[in-house]
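Following: one structure in C-alpha cells, then a few remarks.
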Amino acid sequence: MSVGDFDVLFFDLDGVVYIGAEQVHGAAAAIESAREQGARCIFVTNNASRTPDEVARHLSALGVPADPDDVITASMAGATLVTAFIETGEVLAVGGEGVSAALLDRGFTPVTAFTDSVRAVMQGYGPNVGWHDLAEATFAVRAGLPWVATNMDSSFPTIRGIAPGNGSLVNVVAQTAGRGPDAIAGKPEPGLLQEAIRRTGALRPLMIGDRLDTDIAAGSRLGMPTLLVTTGISTLAEAMDATGELRPTYVAENLSCLLPDRHFLAVP
Ligand SMILES: [Mg+2]
C-alpha cells in the first residue's frame, strides 16, 4: 500500500508530527509530499485545551502549513457527543478555550458555574482548571446531569516532566460524585475519528499514530486501516506482539514512508 490508496490521512500530533516544541525530523516534507500525491492531511488531537485555530498556527510555525479546517480536537468531538443528550442550552464548560469554543460552535451556551439552567457538563483539559471548576462539575454531576469528558489521558509530558492530564481531573470528579462520565470523545474511544470522518467525508482514511493503546485502537474500533510510526511511544517490537485492536495494519520508522514510491510495511 502507498499514499495513493487513501483519500484522507489522519495524523496524531505528539510523537508523530512534533515532539515538544520540535518537528519530528522529516514530518513536514512527508506531509507536503502526501498532499502533492492527492491525500488530504487532517490532524486529530486528544488535546482539548486549544482551539483548531491555535493548533493550526502552532503546526504552521513548526513548518507544517495547516488551516483550522485541517484540525479536529477532542473538544469538537465532545461537543458532538453532548448533542446526544441535549439539543441546546447551557453547558458547564470545564477546561480551556478549546472546550468553550467547541460548545459555542455547536450552538450551546458555555457557562462556568452550576445553576438550575445548566443542562450538561463537558470536561476537558485546561491549564487554569482549579478546585472551584472541579467543585462546580461535581455539583452538576451529582445532580444527575449528563457528563461528557473530552478524553481520559491520565498524564501528558511537559518540559518539566509528566503532568496530570484530563483523565486525572475527571477522576477527581468521578471519585467525589460516585460515578464516571456518560461519554468520552478522545482516542481510543471512536468519537474523535468519527468527528474527523464526518467533517471530511473520508471514504478511504488511514489513521497514523505513535501509540497502540490510543491511536491504533481508535482506528481499529472503526475498522480503519492504521499505520504505527515508531517516532513516539510504541515500538516496533510492541507492534509485532500486539493483538486485537492494538495491532496496527502497517508499521514504519517514520513518516517518510509517505514519500512517493515508498510502500507501507504490512504487519504480518
Ligand atoms: Mg501521540
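Structure notes:
- Taking the average, over residues, of other Cβ atoms within 10 Å as the packing measure, peptides 230-241, 7-18, 90-101, 28-39 rank 90-101, 7-18, 28-39, 230-241 from highest down.
- Helix 52-61 axis, angle to the chain major axis (alpha carbon atoms, nearest 10°): 40
- In the chain, the DSSP-assigned H stretches of four residues or longer account for a calculated mean residue ellipticity at 222 nm of -9000 deg cm²/dmol, using -39500 (n - 2.57) per stretch and the full residue count as denominator.
- Cα long-axis angle, helix 27-36 against the chain (0 to 90 degrees, to the nearest 10): 80
- Spacing of the modelled spin labels on residue 241 and residue 163, each 7 Å from Cα toward Cβ, amounts to 3.2 nm.
- Value of Rg/Rh across the chain [Cα atoms, Kirkwood radius]: 0.98
- Among 151-160, 189-198, 138-147, the peptide with the highest mean count of other Cβ atoms within 10 Å heads the list, and the full ranking is 189-198, 138-147, 151-160.
- Segment 194-268 and segment 66-105: distance between their alpha carbon centers, rounded to Å: 26
- Gaussian network model of the chain, Cα within-10 Å springs - most flexible of 201, 126, 167: 201
- Close amide-amide hydrogen proximity is noted between residue 156 and 163, 165, each under 5 Å apart and 5 or more residues distant or on a separate chain (H modeled in the peptide plane; Pro and chain starts excluded).
- Inverse of mean 1/r across different Cα pairs in segment 75-181, Kirkwood, Å: 13.5
- Charges were assigned to the Cβ only: +1 to each Lys and Arg, -1 to each Asp and Glu. The resulting dipole of segment 167-252 about its Cα centre is roughly 280 debye.
- Label point distance in nm, residue 29-residue 131, each placed 7 Å from Cα along Cα→Cβ: 5.3
- Listed residues 128, 166, 47, most fluctuating in the chain (Gaussian network, C-alpha, under 10 Å): 128
- Dipole check for the chain: with +1 at the C-beta of Lys and Arg, -1 at the C-beta of Asp and Glu, and the Cα centre as origin, the magnitude is about 340 Debye.
- For segment 6-90, the C-alpha radius of gyration sits at 1.20 times the compact-globule guess of 2.2 N^0.38 Å, with N the residue count.
We did not get these values from a lab; they are worked out from the coordinates using the rules stated. If you're wondering where the values come from, they're calculated on a predicted model, not measured in any experiment. Glycine gets a Cβ as well: all are built from the backbone with ideal geometry, and neighbour counts include every protein chain shown.
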